[in-house]
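Here's the structure we're looking at; comments come further down.
The values are calculated or read from the model by the stated rules, or taken from the named source; none is laboratory data. From a predicted model like this one, the values you see are computed outputs, not experimental measurements. Cβ atoms come from the backbone with ideal geometry, glycine included; neighbour counts cover every protein chain shown.
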Amino acid sequence: MAPSADTANASNHIQTGSVATKRSRRIADEDTEMMTYGDTSEEEDYDSKRYIPAAKRRQMELQRIAGLGKSNGDGASASTQKRQTGEGSDPEDNEDVGVRQSKTALLHAARELREREAKEKKSEAEKQAEEERKILEAHAARRKLASDMELAKGISYTEPIKTSWTAPRFVRERTEEENARLREENHVDADGLHVPPLITNFRDMKIPAPLIAYLESKGIKKPTPIQMQGLPTAFAGRDMIGIAFTGSGKTLAFSLPIVMFSLEEQKKLPYIRGEGPLGMIVCPSRELARQTFDGLKAMAEVLAQSGYPEIGVLLCIGGISMAEQGHTLNKGFHIVVATPGRLQDMLEKKKFTLECCKYLCLDEADRMIDMGFEEDVRNIMSFFKQQRQTLLFSATMPKKIQDFAEQSLIQPVVVNVGRAGAANLDIIQEVEYVKQEAKMVYLLECLQKTAPPVVVFSDNKNEVDDIQEYLLLKGVEAVAIHGSKTQDEREYAIKSFKSGKKDVMVASGVASKGLDFNEIQHVINYTMPNLEDYVHQIGRTGRSGKTGIATTFVNMNTNEQTLLDLKYLLMEAKQRIPPFLAAIEDPRAMGAGGKLTGCAVCGGLGHSVKDCPKLEENQKRQTAGFSRGDGGGGY
Ligand code: AMP
């Protein structure tokens, strides 16, 4: 039996979902009202509106759902639609077809729904990935040693800075083979794109004669390896990573270029009030900054006395009053030597700007990172307004510094005068097993090994005080220096020790940070620090080609990892290995046969990064709320 037009109509109405269903019912009801006056089919229809058989209801429901699928973009063909409405077909067939079609439509709808959900999910995942990528990019950007302006404008430099300095012609005309031979002869390892040729004397570097005479008067007659390669590299405007042990002459390698650049600038157009600096040297400790400042000031004075343009040098460290240097600030200055804390403070207070600063040197960059100055350095970088030449000096080359350099230096030349982490070969290293309780008495005996001056290192402030007290009691002229001493106390200690009034300096790690105590005969490590500190500490002796002695006390309290590192270091430096060290076996070396590479963090050969005692130490410090001072150190 063919359904009436009204039923078909009603079915048609029903197809658009529940709202439509209500509407169709209403229409159907109206129809019903009309039908009470009418023909036979009206009766049927009337009844059918009151009672719809289950099969029919099922069909209608299926059709409704199928319609849903369609309204969801089912894409069913018009003929299918027609069939679903039952137009022009047998109702039984229609029912079957309807069910079948509805099923297909349902599957279709479900698949459609699943696809849409998957699409949404995918785009959700894509969104998340995008977000993560942005965070990473932002992080990398923040990590990048770049100024805010550069980051904001997306400026990144690809070419090194140009300078007017050129090497003499005969140097420029040297072949690569000749340069390689010279490097080998002088134990210089230089890496990078178009490495400038090394120069083996100061005169050929075009350094002003009065400066050469001054250096000679200080016993500096021939450049050290780091200077031979580092100076031409810096003079040429190239970024550089200098890996050099303390005492290698690195201070001069970054001081001379900024002096030369300042001379040139001052000659072109003298600096006036509020101008400068042209170059900046950032050091991890006040003592180191002061020392570098003194060296620069002396060179500036020599030049000024010889009729060269005046160079202004500013010291910007914690613990001193900046008013003292008011005249330098007022006159305009070319060079600032600073510790990160005070420098940031001055920049934030706009006491001076980095608008024309084109030269940056980070001295002892590894120490800087260790002492928690990483963020401060990044912040300082944000004050730059233009491209600068960056020089990074470090005795060791931990991974963090490598990353740091990779992100911030432009085509850097890596100059290495000794494997990063290796110690100066001019030091005789003696490692002695001394029981904890016997240390103090043995120290006294140890002091007899050489003439003064002697430095005794301990990593504990209280121990430093105890040792000094003990030595004073025994009649030894000793001074002490550590992070809790006031600036005056520190300066007094350094002055009296340097001038020879005092024979022994007892110091915590802070005093080892590049302090230039020339002539030190003997370094005693009262406790064995981590390998990196060990290299720095023993580096106080054996400077400028002189031989020095380093004695280190170890005992069962010493970290085994560190002992293994020490063993390798001694082997590398061709030193005597005491039997108790020789007996320590390295599980990694068993059957390896190959060459061991240093730990990426501290350069120690006796372990891999995951066992690095320095990392562990840093963690402990952080957990204990280790607080850094402005170069004062928390040691
Ligand atoms: P540094 O590695 O910069 O801490 O320098 C260590 C010491 O070596 C300083 O006292 C310098 O005076 C000295 N020095 C620097 N360059 C030379 C050189 N070319 N010849 C001899 N001594 C030098």
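With the range 294-368 as the region, which strands (runs of 3 or more DSSP E) entirely inside it contain at least 3 residues that are without any contact (Cβ under 8 Å) to a residue 60 or more places away in the chain? Output list reads 313-316. In the set (1) in contact with a strand residue (DSSP E or B) (Cβ under 9 Å, 6 or more places away or on another chain); (2) at pLDDT 85 or above; (3) farther than 23 Å from GLN402 by Cβ, the condition left unmet by THR562 is number (3).
Note on the range 364-379: residues that are surrounded by 21 or more Cβ atoms within 10 Å (Cβ to Cβ) and either of a type in the set (Gly, Ala, Ser) or over 15 Å from the mean Cα position of the chain (by Cα) (or both) total 1.
Once the range 172-197 is narrowed to residues that are within 29 Å of ALA300 (Cβ to Cβ) and either modelled with pLDDT of 95 or more or assigned to a helix (DSSP H, G or I) (or both), the residue that is farthest from the chain's Cα centre (by Cα) is PRO197. A search for C-beta distances below 7 Å between a residue of the range 385-404 that is in the same structural domain as LEU256 (by TED's automatic domain parsing) and in a loop (DSSP other than H, G, I, E, B) and any residue that is at pLDDT 90 or above and surrounded by 16 or more Cβ atoms within 10 Å (Cβ to Cβ), counting only pairs 6+ apart in sequence or on different chains, returns LYS385/LEU354; GLN386/LYS358; ARG388/CYS357; ARG388/LYS358; ARG388/TYR359; ARG388/LEU360. In contact (Cβ under 8 Å) with a residue 60 or more places away in the chain and more than 24 Å from the chain's Cα centre (by Cα): does that describe VAL441? Criteria not met by VAL441. Among the conditions (1) at pLDDT 85 or above; (2) within 16 Å of the ligand (Cβ to nearest atom), the only one that SER512 does not satisfy is (1). Answer yes or no as to whether SER255 is of a type in the set (Ser, Thr, Tyr), within 16 Å of the ligand (Cβ to nearest atom) and in the same structural domain as ALA209 (by TED's automatic domain parsing). Yes. For the range 539-554, a residue qualifies if it is closer than 18 Å to LYS439 by Cβ and surrounded by 22 or more Cβ atoms within 10 Å (Cβ to Cβ), and the qualifying residues are ALA550, THR551, THR552, PHE553.
Can you pull out every residue in the range 226-239 that is closer than 22 Å to GLN402 by Cα and either assigned to a helix (DSSP H, G or I) or within 10 Å of the ligand (Cβ to nearest atom) (or both)? Once the filter is applied, which keeps residues that are closer than 22 Å to GLN402 by Cα and either assigned to a helix (DSSP H, G or I) or within 10 Å of the ligand (Cβ to nearest atom) (or both), the range 226-239 yields ILE226, GLN227, GLN229, GLY230, LEU231, THR233, ALA234. Selection over the range 538-558 of residues that are more than 10 Å from the ligand (Cβ to nearest atom), more than 33 Å from the chain's Cα centre (by Cα) and in a loop (DSSP other than H, G, I, E, B) gives a count of 3. Listed conditions (1) more than 12 Å from the ligand (Cβ to nearest atom); (2) crowded, with 21+ Cβ neighbours inside 10 Å; (3) under 21 Å from ASN179 (Cα atoms) are all met by GLY242, apart from (1).
Out of PRO223, PRO208, which single residue is in contact (Cβ under 8 Å) with a residue 12 or more places away in the chain and either more than 13 Å from the ligand (Cβ to nearest atom) or in contact with a His (Cβ under 6 Å, 6 or more places away or on another chain) (or both)? Talk me through it step by step, then tell me what you get.
Values: PRO223 fails: either more than 13 Å from the ligand (Cβ to nearest atom) or in contact with a His (Cβ under 6 Å, 6 or more places away or on another chain) (or both).
Exactly one of PRO223, PRO208 is in contact (Cβ under 8 Å) with a residue 12 or more places away in the chain and either more than 13 Å from the ligand (Cβ to nearest atom) or in contact with a His (Cβ under 6 Å, 6 or more places away or on another chain) (or both), namely PRO208.
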